[in-house]
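Have a look at the structure below before the remarks.
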Amino acid sequence: MKDLRDVIERIYNEVIPFSKQGKVADYIPALAEVNPEQLAIVVDTLDLEKFKVGDSEVPFSIQSISKVYALSMVASRLGEELWTSVGREPSGNPFNSLVQLEYEQGIPRNPFINAGALVVTDLLIDLYPRPKEALLEFVRKLAGNDDIYYDHRVANSERQNADRNMALAYFMKSFGNIHNDVETVIDVYCHQCSIAMSCSDLARSFLVFANKGVNPLNGERVLTESQSKRIGALMATCGFYDESGDFAYRVGLPGKSGVGGGIVAYMPGKLTMAVWSPALNSYGNSIAGIEAFERFTTSVKSSIF
Ligand code: GLU
């Protein structure tokens, strides 16, 4: 593989113009205040080398990327039983859409649309007596950074504007697919989305998936090889909202995006890459982030396909 430092520095300069397009998420007021002129690219390799450029150490709101961590915690405890509550097919609909839920009897298409993530959060509450603490500890361990935190301002801002997520949760509760009190589920979900961590943390935390379920920082097995493969398959098919097909076509890596402008993806057995640029396209994905990933896999001539 080419010298990764040169590759990401070149890509960084090439995608700066894209970071000025699109707009930051504004349906969560605290996210609307983020300076869009920030850009970071980080690559971590499985032998724990790190290459970084730009605002790589600035913590930002990871939003939907947190769905991968929550899913990992639940999948590691529940195994296949999980799939009675949530599906594993791309939805083809926006991440916060309500339409499919009614004709699919309250079983969301996949764990990465909001409805599916709320079901996973509900299960997290069932499985872990202190779910918020357990989730934060899980993420900190994967990233090797105890400074990762919940941004309570973002969590409160989302909580005050959670009507649509509340509607999804109540609707699924009417089908018996949410067990806990909706207020509690939404509180944990809003905290989960508010996790603040840097691009550098993100890239490191996803090494576990590149490494078949073992955290390379401490050798701990977090997921079975099969669970890691299955979560990777979901990221490859559903990780980018209703732009997942296009991301697979242009980039060809399993990964996950969030409306905070972060994207993290990995090459199995090799490396992870995280990009942060807050301005989004109409699907909710970072414009410069997608450009950077496309240029990266083109440049290193490697993807999962
Ligand atoms: N907290 C966001 C929401 O529920 C997450 C969305 C995202 O990043 O896709 O609307």
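The values are calculated or read from the model by the stated rules, or taken from the named source; none is laboratory data. The shown structure was predicted, so the numbers you read here are calculated from the model rather than taken from an experiment. Virtual Cβ from ideal backbone geometry, glycine too; neighbours counted across all protein chains shown.
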Listed by first then second residue, the pairs whose first member lies in the stretch 115-142 and is under 27 Å from Ser198 (Cβ atoms) and without any contact (Cβ under 8 Å) to a residue 60 or more places away in the chain, whose partner is assigned to a helix (DSSP H, G or I) and among the small types (Gly, Ala, Ser), with beta carbons under 6 Å and at least 6 positions apart or on separate chains, are Val120/Ala70; Tyr128/Ala134
Listed by first then second residue, the pairs whose first member lies in the stretch 59-80 and is in contact (Cβ under 8 Å) with a residue 40 or more places away in the chain and in a helix (DSSP H, G or I), whose partner is within 16 Å of the ligand (Cβ to nearest atom) and among the basic types (Lys, Arg), with beta carbons under 6 Å and at least 6 positions apart or on separate chains, are Ile65/Lys256; Val68/Lys256
Please specify each residue of the stretch 216-234 satisfying the condition of being part of a helix (DSSP H, G or I), over 12 Å from Ile304 (Cα atoms) and more than 16 Å from the ligand (Cβ to nearest atom). Glu225, Ser226, Gln227, Ser228, Lys229, Arg230, Ile231
Is it the case, given these coordinates, that Asn218 is modelled with pLDDT of 95 or more, over 21 Å from Thr121 (Cα atoms), polar (S, T, N, Q) and surrounded by fewer than 20 Cβ atoms within 10 Å (Cβ to Cβ)? yes
Exclusive hit being among the small types (Gly, Ala, Ser), buried (at least 16 other Cβ atoms within 10 Å of the Cβ) and more than 20 Å from Phe240 (Cα to Cα), set Ser56, Ser61: Ser56
Being of a type outside the set (A, V, I, L, M), within 14 Å of the ligand (Cβ to nearest atom) and surrounded by fewer than 24 Cβ atoms within 10 Å (Cβ to Cβ) is the filter here, so list the residues in the stretch 161-212 that pass it. Asn161, Asp163, Arg164, Asn165, Asp187, Cys190, His191
Criterion: surrounded by fewer than 19 Cβ atoms within 10 Å (Cβ to Cβ) and not hydroxyl-bearing (Ser, Thr, Tyr) - qualifying residue of Leu101, Leu71, Leu118, Leu78: Leu78
With the requirement that a residue be within 16 Å of the ligand (Cβ to nearest atom) and either within 20 Å of Lys256 (Cβ to Cβ) or modelled with pLDDT of 95 or more (or both), what does the stretch 18-35 give you? Gly22, Val24, Ala25, Tyr27, Ile28, Leu31, Val34
Could you tell me which of the residues Ser157, Ser194, Ser174 is in contact with a Pro (Cβ under 8 Å, 6 or more places away or on another chain) and among the small types (Gly, Ala, Ser)? Ser157
When every residue in the stretch 53-93 that is small (Gly, Ala, Ser) and under 18 Å from Arg221 (Cβ atoms) is compared, the one farthest from the ligand (Cβ to nearest atom) is Gly79
Within the stretch 16-38, is even one residue in a strand (DSSP E or B) and over 27 Å from Ala117 (Cα atoms)? no
Restricting the stretch 235-271 to residues that are in contact with an Asp or Glu (Cβ under 9 Å, 6 or more places away or on another chain) and under 16 Å from Ile62 (Cα atoms), the residue that is nearest to the ligand (Cβ to nearest atom): Ser257
